[in-house]
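The values are calculated or read from the model by the stated rules, or taken from the named source; none is laboratory data. Only a predicted model underlies this, so the values are computations on that prediction, with no experimental measurement involved. Heads up, the Cβs are rebuilt from the backbone with ideal geometry, glycines too, and the neighbour counts pull from every protein chain shown. SASA here: full protein model, heavy atoms, side chains in, ligands and nucleic acids out. Shrake-Rupley method; radii C 1.70, N 1.55, O 1.52, S 1.80 Å.
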Amino acid sequence: MPYSTKDVLDRTDRFPHVDIIHRPTPFRKLERLSARLGGPEIYVKRDDLTGLAFGGNKSRKLEFIISDMLEKKADVVITWASFQSNWCMQTAAAARTFGIKPILMLFKPADQPATADGNVLLDVILDADIRILQSEKGRVVKATQAMDVLEEAGREVKTQGHRPYLVPVGGSLVRGDMNKPLGAISYVVAFAELLDQMRSSGLEPDYVVHSTGSGGTQAGLVIGAKSMSPGCRVIGISVSDPKGPFTDDVLEIARATDDALVLSLNIMADDVTVFDEYLGAGYGVVDKGVAEIIRLVFQTEGIVLDPVYTAKAMIGLRDLIKTGFFKPTDKVVFLHTGGTPALFPNREKIFEFLVKRT
Ligand SMILES: *Cc1c(COP(=O)(O)O)cnc(C)c1O
């Protein structure tokens, strides 16, 4: 017997959260896109509209993580990610609201200009302490390497009499001062929210398709599906890592979430579905397909995708439709995870592919 949404929410309620998002986020059918792609019934869950600082999946996670920071009496948060990170910007925004000072370690490839645009502009407006470190193009920095950098910054901040809270990229893996999978727990809640919305219209999801990066969103959705709607499969479209190591991360977070919520789901590797065929030229690299899918979804549904995450997830969804992965009657929910501020720093590539037509 699956758990009811109420059963599961009673368990997630044991983890306190601050209130910084609009909920429930909108849910609706994408009639025109479904017709255009000639596939199953496509629905969208608009987690790009959570409301905090242009919205996105990170603000759901931060509701729980900020609460943990407050409980631990932190006055500084230190985290890391790529240069145009949604996570870092959202962390800075949420932290500032609660009087916590953000220190952001932003890893940037040498050829990416250090302009204050997109998320970085927002970081600057928030007066975040921005530290730029070097990374390789199209690659995400290894977590172990980045945690060392965080710990060093943590020691420095302590000598100045502050109490730092170290949190890994995306608020996903249980590392640093985040000793419970709080990001993933927020996505168990999100899955329950989605189910309540769908069931009130007599619908049940067959698939949830979304962009996956640090694994917390997928782990939470997997736990949500397995506990409350076991017929639903969660499909993560990777934007950064190959399938193998990434599946291990999702599994680790999902198992920690299962333990934290005492659901005894016995999560196995085949509960986690990751496709790594849609990485394109690598993390954050915008190609013609990315520009074109952003145009397609904007023109058909008035929804803006971002070039780093959700466009690649939509490319994956379109390809899975094309290759006959879904049945025509399947109800497929596309989770829009946000990230739209990253559109603007990529203006030149988008212009090149959509306007210049070389
Ligand atoms: C971080 C992010 C994701 C991936 O979520 P994870 O929990 O890190 O896997 C997807 N989309 C957007 C827009 C993001 O910022």
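Residue by residue, here is whether (1) of a type outside the set (Lys, Arg); (2) open to solvent by 10 Å² or more (accessible area, probe 1.4 Å); (3) more than 24 Å from Gly339 (Cβ to Cβ) holds:
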{"residue": "Glu63", "(1), (2), (3)": "yes, no, no"}
{"residue": "Ser67", "(1), (2), (3)": "yes, yes, no"}
{"residue": "Glu71", "(1), (2), (3)": "yes, yes, yes"}
{"residue": "Ala81", "(1), (2), (3)": "yes, no, no"}
{"residue": "Ala92", "(1), (2), (3)": "yes, no, no"}
{"residue": "Ala95", "(1), (2), (3)": "yes, no, no"}
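Suppose the filter is of a type outside the set (S, T, N, Q), at positive phi and open to solvent by 10 Å² or more (accessible area, probe 1.4 Å); does Gly176 pass it? Steps first, answer last, please.
On the way: of a type outside the set (S, T, N, Q): yes; at positive phi: yes; open to solvent by 10 Å² or more (accessible area, probe 1.4 Å): yes.
Yes; evaluated as a whole, the condition is true for this residue.
Kindly establish whether Pro181 is over 20 Å from Ala92 (Cβ atoms), within 16 Å of the ligand (Cβ to nearest atom), within 21 Å of the chain's Cα centre (by Cα) and of a type outside the set (Ser, Thr, Tyr). Spelling it out, Pro181 is indeed over 20 Å from Ala92 (Cβ atoms), within 16 Å of the ligand (Cβ to nearest atom), within 21 Å of the chain's Cα centre (by Cα) and of a type outside the set (Ser, Thr, Tyr). Among the helices (runs of 4 or more DSSP H) confined to the stretch 1-118, the ones with at least 1 residues that are in contact with an Asp or Glu (Cβ under 6 Å, 6 or more places away or on another chain) and within 28 Å of Ala225 (Cα to Cα) are located at 5-12, 31-37, 57-71.
Here is a check on your reading of the model: is Leu251 touching a residue at least 60 places away in the same chain (Cβ under 8 Å) and open to solvent by less than 20 Å² (accessible area, probe 1.4 Å)?
It is false that Leu251 is touching a residue at least 60 places away in the same chain (Cβ under 8 Å) and open to solvent by less than 20 Å² (accessible area, probe 1.4 Å).
Among residues of the stretch 204-220 that are more than 19 Å from Leu305 (Cα to Cα), those with a Cβ under 6 angstrom from a residue that is more than 8 Å from the ligand (Cβ to nearest atom) and assigned to a loop (DSSP other than H, G, I, E, B), sequence gap 6+ or separate chain, pair up as Pro205/Cys232; Asp206/Asp330. Confirm whether Leu122 is open to solvent by less than 20 Å² (accessible area, probe 1.4 Å) and either closer than 20 Å to Ser214 by Cβ or in the same structural domain as Trp87 (by TED's automatic domain parsing) (or both). In short, no.
Listed here are the strands (runs of 3 or more DSSP E) enclosed by the stretch 143-252 that have at least 1 residues being touching a Leu at 6+ places or on another chain (Cβ under 8 Å), of a type outside the set (Ser, Thr, Tyr) and in the same structural domain as Phe275 (by TED's automatic domain parsing): 207-212, 233-238.
Here are Val169, Val239, Val188: which of them is β-branched (Val, Ile, Thr), under 16 Å from the mean Cα position of the chain (by Cα) and open to solvent by 20 Å² or more (accessible area, probe 1.4 Å)? Exactly one of Val169, Val239, Val188 is β-branched (Val, Ile, Thr), under 16 Å from the mean Cα position of the chain (by Cα) and open to solvent by 20 Å² or more (accessible area, probe 1.4 Å), namely Val169.
Restricting the search to the stretch 195-216, which residues are open to solvent by 10 Å² or more (accessible area, probe 1.4 Å) and within 16 Å of the ligand (Cβ to nearest atom)?
Pass one, the stretch 195-216, residues open to solvent by 10 Å² or more (accessible area, probe 1.4 Å): 196-197, 199-204, 206-207, 213-214.
Once the filter is applied, which keeps residues that are open to solvent by 10 Å² or more (accessible area, probe 1.4 Å) and within 16 Å of the ligand (Cβ to nearest atom), the stretch 195-216 yields Gly213, Ser214.
For the stretch 51-66, which positions are over 12 Å from the mean Cα position of the chain (by Cα) and touching a residue at least 60 places away in the same chain (Cβ under 8 Å)? Result: Ala53, Phe54, Glu63, Phe64, Ile65.
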